[in-house]
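Asker: Below: one structure in structure tokens.
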Amino acid sequence: MLPIKNSIAFVTGANRGLGLAFAKELLRRGASKVYAGVRNPDTVDIPGVVAIRLDVTDPASAAAAARQASDVTLLVNNAGIAQLVPAALDPSHADVARRIFDTNYFGVLHVTQAFAPVLAANGGGAIVNILSDASWLTYPFLAPYAASKSAAWSLTNATRMELRAQGTLVQGVHVGFLDTDMTAGFDVPKTAPATVAGLSLDGVEAGKEEIIADEGTLRTKASLSGADAVYLNPPAIG
Ligand SMILES: NC(=O)c1ccc[n+]([C@@H]2O[C@H](COP(=O)([O-])OP(=O)(O)OC[C@H]3O[C@@H](n4cnc5c(N)ncnc54)[C@H](OP(=O)(O)O)[C@@H]3O)[C@@H](O)[C@H]2O)c1
């Protein structure tokens, strides 16, 4: 349980998309400082947000960011990338997967490793990991991305258990299509990033370890233990 008012937050990828929505919502709720961990600090132009250079794929960059932001009480692991492949067994899969895992899995690991001691020193605090409905279902063209989000879900679960001892809440956020640059090519219903940021931060304040941010993802999770689990026959997209 962490009150957002007077918290000090660090949001990776806060220059656009869901990360930007988190930064704005944190300020609106009275966070006393919001750091944006971004590849290019010039892309951060929100008054009240402190830009810190960060490439999540680089452990040294994550460690340097944690040294600069040693007052953080809330970490949001939001930065992520997606790339489609022509088919699950396409020759390009391995290279695409390595690139995506560098960001979506190892990026979360590097940043969490760097900030866990900071959170411990500041009373425990909280970590929010942005996951996906693709942690639980996939399609051939989405295989590398979905695998990275399944792996990040597993990492979230292990991190949660480990950091309970230092009083850190670890929250996984699962959501389907969001209205951001990442899904620009998809003509499908999309959730507003501000809605997800609001649900997640409500959950941090209430001590919730998992957020299911939309109806479709709720149905996906509910189906997992049934004979018709959604990953066996996922719905067509669009
Ligand atoms: N969009 C969706 O439908 C959807 C659904 C479920 C989950 N998600 C997840 O939500 C999160 C945010 O995605 P989004 O939709 O907001 O995507 P987005 O609009 O494409 O933004 C991605 C953000 O991640 C940053 N980033 C990428 N690689 C980075 C790196 N190596 N180091 C630091 N920052 C890096 C980008 O920075 P640059 O500006 O420098 O590129 C950008 O700020 C991701 O984890 C994504 O997987 C998205």
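Asker: Enter the accessible area of residue 90 (Å², nearest 10), with the probe set to 1.4 Å and all protein chains included.
Answerer: 40
Asker: Rounded to the nearest whole Å², what accessible area per residue is found for the chain with the 1.4 Å probe? Spell out each step's value before the answer.
Answerer: Details: 10910 Å² over 238 residues.
Using a 1.4 Å probe on heavy atoms only, each residue of the chain averages 46 Å².
Asker: For the chain, with the dipole built from +1 on Lys and Arg beta-carbon atoms and -1 on Asp and Glu ones, taken about the Cα centre, which of 125, 158, 136 lies farthest toward the positive end?
Answerer: Looking along the dipole axis, the top candidate is 125.
Asker: Show the residues, 5+ positions off or on another chain, whose built amide H is closer than 5 Å to the amide H of residue 75.
Answerer: 10, 126, 127, 128
Asker: On to the next question. Enter the Cα centre distance for the pair the range 154-168 and the range 11-49, rounded to the nearest angstrom.
Answerer: The range 154-168 and the range 11-49 have Cα centres spaced 25 Å from each other.
Asker: Still on this model: Ignoring ligands, DNA and RNA, what percent of the accessible area of the range 112-177 is carbon or sulfur (1.4 Å)?
Answerer: On the way: 1340 of 2170 Å².
Summing carbon and sulfur atoms, their accessible area is 62 percent of the total for the range 112-177.
Asker: Would you work out the charge dipole size for the range 119-238 about its Cα centre, treating the Cβ of every Lys and Arg as +1 and the Cβ of every Asp and Glu as -1, and quote it to the nearest 20 debye?
Answerer: Around 280 debye, computed over the range 119-238.
Asker: If a/c stays under 1.5 just call it rounded; otherwise compare a/b with b/c (prolate if a/b is bigger, oblate if not). Do that for the range 24-75, with a ≥ b ≥ c from the square roots of the Cα gyration tensor eigenvalues.
Answerer: Details: a/c = 2.49, a/b = 1.45, b/c = 1.71.
Note, shape of the range 24-75 comes out oblate.
Asker: Give me the dipole magnitude in Debye, nearest 20, for the range 1-137 about the Cα centre, with unit charges on the beta carbon: positive for Lys and Arg, negative for Asp and Glu.
Answerer: In debye, rounded to 20, the range 1-137 gives about 440.
Asker: Order 7, 154, most accessible first, counting only protein heavy atoms with a 1.4 angstrom probe. Intermediate values should be presented prior to the final figure.
Answerer: Values: 7 5, 154 70 Å².
I get 154, 7, largest accessible area first.
Asker: Ranked from the most accessible area to the least, with a 1.4 Å probe and all protein chains present, what is the order of 136, 153? Present the calculation step by step, with values, prior to reporting the outcome.
Answerer: Details: 136 20, 153 85 Å².
Accessible-area ranking of 136, 153, largest first: 153, 136.
Asker: Once phi is turned into ³J(HN,Hα) by the Karplus curve 6.51 cos²θ - 1.76 cosθ + 1.60 with θ = phi - 60°, what whole-Hz value does each residue of the range 227-238 show in order, with x for glycine and proline?
Answerer: My calculation for the range 227-238 gives 5, 9, 3, 5, 5, 6, 9, x, x, 4, 8, x Hz in order.
The values are calculated or read from the model by the stated rules, or taken from the named source; none is laboratory data. Quantities reported herein were computed from a predicted structural model and do not represent experimental measurements. Backbone-built Cβ (ideal geometry, glycine too); neighbour counts: all protein chains shown. Heads up: the accessible areas ignore ligands, DNA and RNA and are worked out on the full protein's heavy atoms, side chains in. Shrake-Rupley method; radii C 1.70, N 1.55, O 1.52, S 1.80 Å.
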